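To start, the structure itself, in structure tokens.
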Amino acid sequence: MLAKILDWFGFGSPATVDGVTHGHDHGSDGGGHGHMHGVIDPSIAATNRGIWAVKWSFVVMIITALIQLVVVLWSGSVALLADTIHNFGDATTAIPLWVAFVLARRPASKRFTYGLGRVEDIAGVLIVLIILASAIVAGYEAIGRLIHPRPIAQLWWVAAAGIIGFIGNEAVAVFRIRVGREINSAALIADGYHARTDGLTSLAVVLGAIGVALGFPLADPIIGLIITVAIFGIVWQSARAVLTRMLDGVEPGTVDEIVHAAEHVKGIRKVTEAQARWLGHRLYVEATIEVDDRLLVAAASDIVESYREELFHHMPGLTSAQIRIAAPVAEGEHHHAPKPIQVASRLADGLLQIVDTPEGERMQLRVSRHAEGLSARVDIARGSNIEVLDLQPVAGDHHWLRSAVAPAEPHEFSAKLRLTAGNDNEEVAFAMVEPEEHHH
């Protein structure tokens, strides 16, 4: 019950990430990993749904305010007149949000390369300031009535109109918050809480009228002060959400979800870097992953695409996922080794280099493309002698060929890479040069 009350006021539950509830069903037997995630709306569909929500909430608030205006003209209640004006003001807050959603639909340009999604966050700041102004006005009026009590006429008509105001505002609040969470719009959620503050103000009018009718004239200002405190709480919650997004902040659970998605992709060793940012209700993700550097480019690309699909499956609101593969670091590579040799020949493409291994220095050819049945060796000219290094597959992997012994010092020489595939032979001449600071 307490969690529901806190969520009603906007303080959410720990399971809520950026306004979107994520659920995971982890099997206890370890044999599977089920997921329950929100539905992913395409960006343009989310924007259209936001405009739809703003339109209908605007209509509901105008109707509510017009009904209250009729009661104001009938009863002459100044308190209800103030609440009616407030509700007309709430309807008008839909205008900047409407404009923001319309601008967000514009495509990216050379000047605004990410589009105009940030306008939605600016509208959110404006709405937060309006909520803050509502809290200040409500507090000022409550303190004024506490010091200088004023009688309220036509109590029951005022109460009835206040109930109408509360119902209209709460309906709009639930509608805006629900759609805002669906499309991950912090601004629309903030506007929903703004409607809720106006509903609380209308409810204060009702409760105050009841208290006055029961003979407690100070009930109206006291309840007004209590509602003011609640409104300030909503100001804090809404401001934190909107400003966090404007500063490119996300909930920690968002980064955890980026890392978690990689666990479902075979071939990813780990996620070395994960970043995310919101532009309006659009989420942009950048991640760097570590994979086996012996993989061919095509295989690595398949892993990247699988990871991208997992991210879109796991993260509602995701618009773009930029994935990089961490630069490979050769096993035991040191700064004294000669520069690697790029091999581009008829029988094979790859990288030839001297690397450190647990067994010592070795000559290694990492192959990205090769003919069927490829074998390789390196012949190094050592004066009148030839040093021969046969390159054998590492653990049976023909894309990873390595010598069984270390090349002799110095590591500055002319040599030939001899490639054989069936009856086809090829020689690739090359020279290795040690760094200046390591000459012997």
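Report yes if residue 143 is assigned by TED's automatic domain parsing to the domain that holds residue 231, surrounded by fewer than 18 Cβ atoms within 10 Å (Cβ to Cβ) and under 22 Å from residue 231 (Cβ atoms), otherwise no. Spell out how you get there, then give the answer.
Working: assigned by TED's automatic domain parsing to the domain that holds residue 231: yes; surrounded by fewer than 18 Cβ atoms within 10 Å (Cβ to Cβ): yes; under 22 Å from residue 231 (Cβ atoms): yes.
Yes.
Do you know which of the residues in the range 42-76 that are of a type in the set (Ser, Thr, Tyr) and buried (at least 24 other Cβ atoms within 10 Å of the Cβ) is modelled with the highest pLDDT?
Within the range 42-76, the match that is modelled with the highest pLDDT is 64.
Output the residue which, of all residues in the range 146-158 that are surrounded by fewer than 20 Cβ atoms within 10 Å (Cβ to Cβ) and in a helix (DSSP H, G or I), is modelled with the lowest pLDDT. The residue in question is 155. Taking the numbered list (1) surrounded by 15 or more Cβ atoms within 10 Å (Cβ to Cβ); (2) hydrophobic (A, V, I, L, M, F, W, C); (3) modelled with pLDDT of 90 or more in turn, residue 344 passes all entries but (1). Exactly one residue out of 361, 372, 434 is outside any strand (DSSP E or B), surrounded by 17 or more Cβ atoms within 10 Å (Cβ to Cβ) and either not assigned by TED's automatic domain parsing to the domain that holds residue 295 or not hydrophobic (A, V, I, L, M, F, W, C) (or both): that is 434. Looking at this structure, is residue 259 in a helix (DSSP H, G or I), β-branched (Val, Ile, Thr) and without any contact (Cβ under 8 Å) to a residue 24 or more places away in the chain? Yes: the conditions hold for residue 259.
Can you say whether residue 272 is crowded, with 16+ Cβ neighbours inside 10 Å, part of a strand (DSSP E or B), at pLDDT 90 or above and more than 11 Å from the chain's Cα centre (by Cα), as far as the supplied structure shows? It would help to see each step written out before you state the result.
Numbers: crowded, with 16+ Cβ neighbours inside 10 Å: no; part of a strand (DSSP E or B): yes; at pLDDT 90 or above: yes; more than 11 Å from the chain's Cα centre (by Cα): yes.
So residue 272 fails the test.
Among the residues making up the range 253-309, those that are touching a Gly at 6+ places or on another chain (Cβ under 9 Å) and within 30 Å of residue 124 (Cα to Cα) are 277, 278, 279, 280, 281, 282, 283.
The values are calculated or read from the model by the stated rules, or taken from the named source; none is laboratory data. Quantities reported herein were computed from a predicted structural model and do not represent experimental measurements. Don't worry about glycine lacking a Cβ; one is built from the backbone with ideal geometry, like all the others, and counts go over all protein chains shown.
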